[in-house]
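Read through the structure below, which is laid out as structure tokens, and then see the notes.
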Amino acid sequence: MLTIFVRVVILYAFSVLAMRLMGKRQVGQLQPYELVLSLMVAEIAASPMEDMDIPLLHGLVPILGLLVLHGVCTALALKCMPVRRMLFGVPGVVIRDGVINYSKMKHMGYTMTDLMEDMRGQGVEDIAKVHTAILETNGKLSVFLKAEKAPLTPEDMHLQVREKGMPCILLVDGRVQKKHLQESGHDEGWLDAQLQKMGIKDKKSILLFSLDGEGKMFVQDKHSSLPHEMQTGGGKE
């Protein structure tokens, strides 16, 4: 029984490592050849787990071979356009200049139901607002609105705005994010003082504490339905 457990741990760890070395973080980012590779890794790893008569190396070596093959394919795709097109495919323009490209959709096996569903996922409820829509090689839809339907930007209104930067997450689920706290220019003493001002005595009760580049704090307690929002009086020190 212990041997089975050890074999499962080794194969699981090796499979996860192989997927991490591919450089992708989620299935939605996988190209078709990478998805095939991930399915093959899962199938190869499953056999030594199920059958104790199969040597462990018969699972590890093929996975390593697939990982090397992935590296070779990626290198070729970076240097050779025909290989890149074969492995990655090419994006398909399904709406051009406000007109639905039905022949392209039919060729790609992409239905109107798929199009409407993906548009709603992009926050676009009316196809009449769309100037261009591109079905990417990973299956995601990129939507670009018509100029008169697009939201106004400060640049459109000739306004100058200051970059706010990314907020620092200082506390998550009661745990102090020491690296982020240090990057924000503060320490735990400052953090405790801010919580005391809000009447919060225990850091472990905090669900989220973030600080943006303008010094605005967002704090929500695990047991509170309303977050605290305060200004520190300054940004990052």
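The values are calculated or read from the model by the stated rules, or taken from the named source; none is laboratory data. The model shown is predicted, which means the values in this text are computed figures rather than measured ones. Note that each Cβ is placed from the backbone with ideal geometry, even for glycine, and that neighbours are counted across all protein chains shown.
For the range 141-195, give me the residue count where each residue is acidic (Asp, Glu), assigned to a loop (DSSP other than H, G, I, E, B), under 28 Å from Ser205 (Cβ atoms) and over 24 Å from the mean Cα position of the chain (by Cα).
1
From (1) modelled with pLDDT under 85; (2) outside any helix (DSSP H, G or I), pick out the condition that doesn't hold for Ser47.
Failed condition: (2).
When you scan the range 111-127, how many residues do you find that are outside any helix (DSSP H, G or I), surrounded by 11 or more Cβ atoms within 10 Å (Cβ to Cβ) and out of contact with any helix residue (DSSP H, G or I) (no Cβ under 8 Å at 6 or more places or on another chain)?
Of the residues in that region, 2 qualify.
Taking into account only those residues within the range 50-91 that are outside any loop (DSSP other than H, G, I, E, B), of a type in the set (A, V, I, L, M, F, W, C) and farther than 17 Å from Ala18 by Cα, which is modelled with the highest pLDDT?
It comes out as Leu76.
Among the candidates Lys203, Lys197, Lys164, which residue alone is surrounded by 13 or more Cβ atoms within 10 Å (Cβ to Cβ), of a type outside the set (A, V, I, L, M, F, W, C) and modelled with pLDDT under 90?
The match here is Lys203.
Yes or no: the range 79-94 includes at least one residue that is touching a strand residue (DSSP E or B) at 6+ places or on another chain (Cβ under 7 Å), of a type in the set (Val, Ile, Thr) and free of Cβ contacts under 8 Å to residues at least 60 places away in the same chain.
yes
So, of the residues in the range 115-140 that are closer than 25 Å to Arg84 by Cβ and not small (Gly, Ala, Ser), which turns out to be farthest from the chain's Cα centre (by Cα)?
Checked the range 115-140; the qualifying residue farthest from the chain's Cα centre (by Cα) is Thr132.
Taking Leu64 as meeting all but one of (1) surrounded by fewer than 12 Cβ atoms within 10 Å (Cβ to Cβ); (2) more than 19 Å from Gln31 (Cα to Cα); (3) assigned by TED's automatic domain parsing to the domain that holds Leu39, write down the number of the exception.
Evaluating Leu64 over (1) surrounded by fewer than 12 Cβ atoms within 10 Å (Cβ to Cβ); (2) more than 19 Å from Gln31 (Cα to Cα); (3) assigned by TED's automatic domain parsing to the domain that holds Leu39 leaves (1) as the failure.
Which of the residues belonging to the range 215-237 are in a loop (DSSP other than H, G, I, E, B), surrounded by 14 or more Cβ atoms within 10 Å (Cβ to Cβ) and modelled with pLDDT of 80 or more?
Once the filter is applied, which keeps residues that are in a loop (DSSP other than H, G, I, E, B), surrounded by 14 or more Cβ atoms within 10 Å (Cβ to Cβ) and modelled with pLDDT of 80 or more, the range 215-237 yields only Gly215.
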